[in-house]
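Just so it is clear, none of the values below were taken in a lab; they were calculated from the coordinates. Note that the coordinates shown come from a computational prediction; the quantities given were computed from them, not determined experimentally. FYI the Cβ positions are ideal-geometry reconstructions off the backbone, even for glycines, and counts take in every protein chain you see.
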Amino acid sequence: MILAINTAVSQYCIAIAKEEGVILGECYFGMKKDNFKELVPIFQFMLKSLNLDLKQLSKIFLVLGPGRFTGLRVGISFAKGFSYCLNIPIVGVNSIDALAQNIPSVDSKLYVFVESRRDEWFVGTYTKSQNGKLKRMGEPKVVRRNELRGLFSGKVKVLGHDYEMTAPILKEELGDRVELLPPFYWAFRSSGIIAAGLEALSKEGIQKVEEVLPIYMREPDIRKNNE
């Protein structure tokens, strides 16, 4: 069984799936600062509801970021604890890749926005590969609001994870040039995490647990006084 975890954004997600990706159960929760307090109780409830035992878990698909600093640290600590106790591997998943899985294929470039902080996003660019699936073009970038107009040329197709926050800004800055995908696509889903995890597993294999690190694309907002 696969345990999928996403704590990179304000709404946390835990899911359990079979090895081939069939989702048996999923739970979305949070939207507040102390989401981490609910992780263990919800996970225990899910196991009990599905009549599963911890020993049936074979691997963990964990969203490593980019995303919120505190959430990423919480998710990694949670996953590593189970990984060491059960002696099962962790497969790291990029949050932007997981969100992009909401749209299996595109006929033009797709820009995927994951919120970093106010007026700033982590942005990945995707196109269609030879087999018809999405393919990321290069590494994601940190994009600020004042860079939007100069960064994109022509028509821009966009997917994000916070429609009410991001869509109005993109419309204001890019006007008719932006094509926003429908709001019901704008959410992290366990299916996307599992799909991205299976792809990462096939391409990159298993990492050593001690080598599993968060994907940070910028400095934290809070630093030590002497920095």
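Counting only residues at least eight positions apart within a chain, or on another chain, the lysines with an alpha carbon under 22 Å from that of LYS48 are LYS18, LYS37, LYS59, LYS80. Cross-link partners of LYS109 among lysines, defined as those whose alpha carbon lies under 17 angstrom from its own and excluding same-chain residues fewer than eight positions apart: LYS128, LYS133, LYS135, LYS141, LYS155, LYS157.
Estimated from helical segments only, the mean residue ellipticity of the chain at 222 nm is -9500 deg cm²/dmol, where each DSSP H run of four or more residues counts as -39500 (n - 2.57).
If one computes the Cα centroid of region 121-179 and of region 79-119, what distance in Å separates the two points? Region 121-179 and region 79-119 have Cα centres spaced 17 Å from each other. Neighbour counting of Cβ atoms within 10 Å sorts the residues VAL114, VAL91, VAL40, VAL74, fewest neighbours leading, into VAL40, VAL74, VAL91, VAL114. Largest GNM mean-square fluctuation among LEU99, LEU39, LEU54, using the chain with Cα springs under 10 Å: LEU54. Of all the options PRO89, PRO182, PRO104, the one that moves most in a Gaussian network model of the chain with Cα springs shorter than 10 angstrom is PRO182.
Averaging 1/r across all pairs of distinct Cα atoms in region 103-185 and inverting the result yields a Kirkwood radius of 13.0 Å.
Computed from Cα atoms, the angle from the helix 36-49 axis to the main principal axis of the chain rounds to 60 degrees. Each distinct pair of alpha carbons in the chain adds a 1/r term; the inverse of their mean, the Kirkwood radius, is 18.2 Å.
Tell me, what HN-Hα J-couplings in whole Hz come from the Karplus equation 6.51 cos²θ - 1.76 cosθ + 1.60 at θ = phi - 60° for each residue of region 4-11, using x for Gly and Pro? Per-residue couplings from phi come out as 9, 9, 9, 10, 7, 10, 5, 9 Hz. Springs between Cα atoms under 10 Å define the GNM used for the chain, and in it the highest mean-square fluctuation of GLY150, GLY67, GLY205 occurs at GLY150.
Among SER77, SER190, the ranking by other beta carbons within 10 Å of each residue's beta carbon, starting with the fewest, stands as SER77, SER190. Once the Cα atoms of helix 190-204 and of the chain are each reduced to a long axis, what angle between those two axes, in degrees from 0 to 90 to the nearest 10, is obtained? In the chain, helix 190-204 runs at an angle near 80 degrees to the longest axis. Distances between placed amide hydrogens fall under 5 Å for GLY160 paired with PHE113, all partners being 5 or more residues away or on another chain.
In region 103-185, what percentage of the DSSP-assigned beta bridges are antiparallel, given to the nearest 5? Among the beta bridges of region 103-185, antiparallel pairing accounts for roughly 70 percent. Fewest neighbouring Cβ atoms within 10 Å first, the residues GLU115, GLU139 line up as GLU139, GLU115. In degrees between 0 and 90, to the nearest 10, how far off the longest principal axis of the chain does helix 163-174 point, with axes built from Cα atoms? Between the helix axis and the principal axis of the chain, the angle is about 20 degrees.
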